[in-house]
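The values are calculated or read from the model by the stated rules, or taken from the named source; none is laboratory data. These figures come from a predicted structure and were not determined experimentally. Here Cβ is always computed from backbone atoms with ideal geometry, including for glycine, and neighbour counts include all displayed protein chains. With ligands, DNA and RNA removed, areas are computed over all heavy atoms of the protein, side chains included. Shrake-Rupley method; radii C 1.70, N 1.55, O 1.52, S 1.80 Å.
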Amino acid sequence: MSERSAGAKAGSFGDYEQLGENVLIERCKSGDTAAFDEIVRRFEKRVFNYALRVTGNYNDACDVAQEAFIRAFHSIQTFRGDAKFATWIYRIVTNVYLDERKKHKSHPTISLDDTIELEENSVTRQIEDSTPSPDEILQTKERMRVLQRVINALPDYQRIIITLYHVEHRSYEEIAEILDLPIGTVKSRLNRARLAIAEMLESEPELFG
Amino acid sequence: MNCKKARDLFSAYFENSIDASRGTELEHHLAECEACNRTYERFKYAISIMESLPEVGPPRSFRAGVMARVESAKRGVPARVRWWRLDWQRVFTIRVPARVAAVGLAVLVAFVMSLQFLPPLRTGIASLFWAQKPAETPISTLDQDSARAPKPWTPEKTNGSGLIVTLDTESPGVYLLRLHTKSLKPAAFEIDVSGTKYSGYVLADKPSEIRVPAPHSGSVRVVHVAWSIGEWGRYQTIFLPSKLQSRTATRTFEIEQATVSDVLRKICKDYGVAIIAWGNLGKQIGYAQVYQATPDDALYECLSRVGLKAYGVASSVYAVEPVR
Ligand SMILES: [Zn+2]
C-alpha cells in the first residue's frame, strides 16, 4: 500500500523524531514544515489538554490549540533560544485564549457534557486497575465533572494559573515567565484559586465529603 | 491572626515554604478556628484531586488539521475554486483497461460522493449529495461532454469532501481511493485500512490517492475514512470485495440480528460490489429475506427499514446514505 498526498508524511519522517528541539526549531525557521510537523507531534497533547482545561470545552479547545500552533508557526522567527519551547507555546496558547475571550465578551458557553463524554474512557481506564464497583466509577466521573465545573467558574487568571500548576505541572518560575507576572503574584493567585476551589467543593459534600 | 490572613498563608504552609514563626501562628489559628480548619482540609483535598484530572488528548486528525493550515498559509490562500470544474477532467479521463471492458464490467470507475456541510457551522446537518445531478442520472463516468457539466450548486456553501473509488489500471487487484475536497479550506483525513492508519489532508487543487490491495478471495476489505474540515468531522466506510462482479447476478439469503455494517459486508462479499457508506452503521436490522435478488434489490430490502438508501453509481459500485 502506498500513499501520495499533499500532506503525506515523507519517508524522512522517522529522522525528525531523533532531532533535538533546537535543531527542529532552526529547521522551522528556515521554512521546513516537516520539522514543524514534528514539533506539533511532540506538543499537541500538552497544548490540547491545557487548552481544554482552560476553555472548559472540547470544541473551543480544538480551536484555541490549533490557532496557537498556527500563531507559533508564523512567529517562529521571534522565538529565542533562551526560553524553552514549552514555555513559549504555553504563552501563546494563553494569549490566544485571552484574545478569544476578549472577542466574545460574555462568558463562554461551557458544554461540560462534551468534556465528560470524551473523558469517560480515560476516567474508566484510569480506575480500571483497582476494579472499582460501578458506584465508584460513577462517583469518580461525577467528581471530575463537578471539579471541571468548579475550575470553569474561576476567574480567567486563576483558572490559567491553577491549570498550569496542577495539570501541566509548571514551576512558579515558569508560570511567571509564561504569564509575564512577578512570582509573588503567581503565588498569591494560585493560593486564591485553591481557596476558591476548596470553598466551592464545600457545597458538594456528598461527593467530596 | 485573623481568618483572611490565615487563609492567605495556606499555600505557603502546605508547601512548607512558610517561615517558622508564621507557621506556628497559623497552627494556633487553625486549632481555634473551626471554619478555617475545615477550609484547610478542603484545600488539601482540592489539591489532591486537581492532580488526578485525566489527560485528554486532541482529536486524531488534529495534527493533520494544523499542518494543512500551515501548508495552505505557505502557499497563500488557495484560489477560489469553482467546484464543478474541479478535477473533473481527471475524474473523467481515467483510463478503462481493455481487459475489464472486455469482460463486460463496463466502467468501474467513478463515483463521487460528497458531504455537504451547511451553515450554521456548529449545529448544521451534514447531508450527502451527488456532485453531479443527483439520483435519477447516475454519473456516467466517461462522459466528458462539458455541456452536461453539473449546474452550480451554491458553491459558496459547499464544503464537500469525498472519495472516488477506482481500480488501479496499472496494477490489477489494487483499488485506488482518490480523496478530494471542494472546500476552500484544507480537508484533513485519517484513513484506516485494515488497522493501518494514514493521515494527511487534501486541498481543492490537490487530491490525494491511496492504493489499497484487494482482499483475499472470499473476504472484504473495510476502509474507514474520517474527515475533518475546520470543526467538521464525518466518517465514511468503504467495503471492497476481492473482485468486482457484474451487477446483474442474483442471490438468495436471509439475515437476522445483523447490523447495517454486517449486511453491507455480506452484500459486498456475496455480490462482488464495492460500497461506500457514511454515518453510523451500527444500527440493527431485524430480519430480512432476500430471494433471488440483484444487489439493488438486496440493498433495498435490507436498508429501507432502517432509513437508508443505496444508489448504484457505476457498475459494481454503490453508495449508501440516509434517506432525507
Ligand atoms: Zn479562621
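Brief remarks on what is shown
- Hz values of 3J(HN,Hα) by residue in the range B:37-53 - Karplus curve (6.51, -1.76, 1.60), Gly and Pro given as x: 4, 5, 5, 5, 4, 4, 4, 5, 5, 4, 5, 5, 7, 4, 6, 9, 4
- Over 29 Å (Cα to Cα) - which of B:Lys206/B:Lys309; A:Lys103/B:Lys206; A:Lys141/B:Lys185; B:Lys243/B:Lys309 fall in this group: B:Lys206/B:Lys309; A:Lys103/B:Lys206; A:Lys141/B:Lys185
- Contact residues in the range B:17-57 by the 50 Å² criterion (accessible area, 1.4 Å probe, full protein complex versus chain alone): B:Arg42, B:Phe43, B:Tyr45, B:Ile49, B:Met50, B:Glu51, B:Leu53, B:Pro54, B:Glu55, B:Val56.
- Computed P(r) (all Cα pairs; the range B:209-324; 5 Å bins; percent): 2, 12, 23, 25, 21, 11, 5, 2, 1, 0
- Distant-in-sequence amide H partners of B:Tyr175 (H built 1.01 Å from N, under 5 Å): B:Asp168, B:Val212, B:Ala214
- Pairwise FRET efficiency - B:Cys3 versus A:Lys103, Cβ, R0 = 30 Å, nearest 0.05: 0.15
- Volume per residue of the convex hull around the Cα atoms, evaluated for the range A:13-103, comes out as 92 Å³.
- Once both labels are positioned 7 Å from their Cα atoms along Cα-to-Cβ, the gap between B:Glu51 and A:Leu19 label points is 3.7 nm.
- Chain pair A, B: total accessible area buried, heavy atoms, 1.4 Å probe, Å²: 5200
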